[in-house]
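Nothing in this text is a laboratory measurement; each read-out follows from the coordinates by a stated rule. Note that the coordinates shown come from a computational prediction; the quantities given were computed from them, not determined experimentally. Here Cβ is always computed from backbone atoms with ideal geometry, including for glycine, and neighbour counts include all displayed protein chains.
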Amino acid sequence: MGSDFITLGNENIPKGVNMTINIELPKLYNTPTNLPVHVIRGKKSGPCVFVSAAVHGDELNGIEIIRRLRKLTILKKLKGTLILVPIVNVYGTMTLSRYMPDRRDLNRSFPGSNRGSLASRVANIFFNEVVSICDYGIDLHTASIHKSNLPQIRTNIKDEFTYKLAKSFEAPVVLHSELRDGSLRQTAQEQGIPILLYEAGEALRFDETCIRIGVKGIINVLRELDMLPIIKRKAKKLPIVTRSSQWIRAGESGVLRTIKALGDIVKKDELIAFVDEPFGYESFEIKSIFDGIIIGKSEIPLVQEGDAIFHIAKFKNLEIAETKIEYFNEEIIEHSEFNELNDEEIIE
Ligand SMILES: [Zn+2]
C-alpha cells in the first residue's frame, strides 16, 4: 500500500502517472496477444484497487463501465492506485464467447499455473500481475447468455468490511454468495483481497441503467475507501440485502409468458409466468416459492422442462423492499436513453 513504484508487466510505475501497459499473454496461434491494463496512480498514497471486466468474454457491460470511468475528471483527485482491466478474457471477447479457446471457463481456472491449460496460464498471469498487487477488487459481470440480471453486488457479507463496501456501491441488491471453486473471487479472498462482484444486465448487450449504476458504484466504493473525496449527500441509497436466492424452473416445456419483470417484488405463491402448450389450450402456472424480489430472468420465450426462468432473492419485509427498489425504477425511467454520465451526475 502506498509504495513509490508498482511493477506491472516489466514497467515500474511511479506515483502521479497515468498509463496503459500491455501484458504479454499466450499467442493466439502466431498472433501476439496482450492484456491491456490501464493504471491511474494518484500523487498521494492510498489503497490499490483493480476493476476488471469480461472475465467471461461475452459479458460486455463492464467494458463500457470502465471506458466511462476512465474519462471522469474526478479521478485527478485519486489517492492510491486504480488498475483498470476492461477485457480479461481477450480471446473469448474476440469470438463473443463466455469461454476460453480451450472451452474452459476462465472464472473457474484461478489461481492457475504457468504450466497448466491455456485458461490456467491466463488466470495465472492476470492474478500474479494485477490481482495480487491490489488490496481490493471489483469484478464486473452480466448474466450468462439469454438471461438478464437486476444490478446486484455478490460478495461475502459475513466479512464486516466487505459488507460495508458492498453496501456503499449502492446497487439495488446485495446478495451474500458462497465462493465458487477456482473463481477469481475465491482465490483473491483466500489471499486476503476482498472482491465485489457486480452482476448486471445480459450478455452481448449494453444496458444503460446497469452501466450508470456500475460507474457510480465504483466511484462510491473509492470514496468509501477514502481514495476519492467524501461528499455530503441527502441520503444514501440502501440496498436490499439478502442471504439466499433460488432459480425457479419450468415444470413443463412450451411457450413462456412472463407476468413479472426484473426488480418486481413477489409474494410466496404469486403467479409469475405461464408456460403455454404450443399446440394445445393448456397453460401451466409458475409461482414464486417465497417472498422476495426478482433478480434474474430468462430472456428466451421458449422453454424446456427444467429450464431456469426466474431468479428470486429471498426477502421477508416486502414493504421495505418496495421502497428500496423505487429509486432503481426511477433511474430506469430517467435514463432510458443511451447517454454518457458526466462528472456532475457522479457528484450529484
Ligand atoms: Zn460472468
Find how much the distance from Glu319 to Asn30 grows on full extension, using 0.36 nm per residue of separation minus their present alpha carbon separation; answer in nm with one decimal.
98.2 nm
Against the longest principal axis of the chain, how steep is helix 118-129, in degrees 0 to 90 to the nearest 10, with axes from Cα atoms?
50 degrees
Considering only the chain, what is the antiparallel percent among its DSSP beta bridges, to the nearest 5?
70 percent
Extension length gain for Phe279 and Glu178 (0.36 nm per residue less Cα distance), in nm, is 32.2 nm
GNM top mover of Glu270, Glu64, Glu319 - the chain, alpha-carbon springs below 10 Å
Glu319
Limiting things to C-alpha atoms, what are the Rg and the maximum Cα-Cα separation (Dmax) for segment 246-316, in angstroms?
11.5, 39
For segment 1-65, which trypsin sites (Lys or Arg not before Pro) are both in a DSSP coil and crowded by at most 12 other Cβ atoms within 10 Å?
Lys43
Inter-centroid distance (Cα atoms) of segment 151-226 relative to segment 252-302, Å:
28 Å
Under 1.5 on a/c is rounded, so check that first for segment 5-239, then, if it is not, pick prolate when a/b is larger than b/c and oblate when it is not; a ≥ b ≥ c are the square roots of the alpha carbon gyration tensor eigenvalues.
oblate
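How far, in nm, would the chain grow between Ser117 and Lys158 when pulled straight, counting 0.36 nm per residue and subtracting the alpha carbon separation? Provide the component values of the computation, followed by the final result.
Values: separation 41, 0.36 × 41 = 14.76 nm, distance 3.34 nm.
Full extension from Ser117 to Lys158 adds 11.4 nm.
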Along the Cα-to-Cβ line of Arg243, 7 Å from the Cα, sits a label point; which residues in segment 156-175 have backbone N less than 19 Å from it?
156-167, 173-175
Inter-part gap, Cα centre of segment 40-94 to Cα centre of segment 102-148, in whole angstrom, is 15 Å
For the chain, with a Gaussian network of springs between Cα atoms less than 10 Å apart, report the residue from Ala203, Ala273, Ala54 with the top mean-square fluctuation.
Ala273
Taking a crude spin-label model, label points 7 Å out from Cα along the C-beta direction, the Lys71 to Glu11 distance in nm is 2.1 nm
Of the options Ser253, Pro278, Phe315, report the single residue whose Cα projects farthest towards the positive end of the charge dipole of segment 246-316 (beta-carbon charges: Lys, Arg +1; Asp, Glu -1).
Phe315
For segment 152-215, shape from the Cα gyration tensor axes a ≥ b ≥ c, cut at a/c of 1.5 then a/b versus b/c, turns out oblate
Fewest first, what order do His56, His146 take by the number of other Cβ atoms within 10 Å?
His146, His56
Quick check for you: which residues of segment 169-191 have the amide N under 20 Å from the point 7 Å beyond the Cα of Glu270 toward its beta carbon?
172-175
For the chain, with only Lys/Arg (+1) and Asp/Glu (-1) charged at the beta-carbon, what is the dipole magnitude about the Cα centre, in debye rounded to 20?
1400 debye
Using alpha-carbon coordinates, inclination of helix 318-334 to the longest axis of the chain, degrees:
70 degrees
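Give, rounded to the nearest 20 debye, the magnitude of the charge dipole that segment 143-187 has about its Cα centre when Lys and Arg contribute +1 at Cβ and Asp and Glu contribute -1 at Cβ.
Values: 7 positive and 5 negative charges, 19 e Å.
Computed charge dipole of segment 143-187: roughly 100 debye.
For segment 211-302, which trypsin sites (Lys or Arg not before Pro) pass both filters: DSSP loop (anything but H, G, I, E, B) and at most 14 other C-beta atoms within 10 Å?
Working: sites: Arg212, Lys216, Arg223, Lys232, Arg233, Lys234, Lys236, Lys237, Arg243, Arg249, Arg257, Lys260, Lys267, Lys268, Lys287, Lys297; in loops: Lys232, Arg233, Lys234, Lys236, Lys237, Arg243, Lys260, Lys267, Lys268.
Listed in order of number, the matching sites are Lys232, Arg233, Lys234, Lys236, Arg243, Lys267, Lys268.
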If one builds a Gaussian network model of the chain from Cα atoms under 10 Å apart, the most fluctuating residue listed among Arg185, Arg115, Arg104 is Arg115
Please check the chain for the longest run free of chymotrypsin sites (Phe, Trp or Tyr not before Pro) that are loop-located per DSSP (anything but H, G, I, E, B) and have at most 15 other Cβ atoms within 10 Å.
30-205
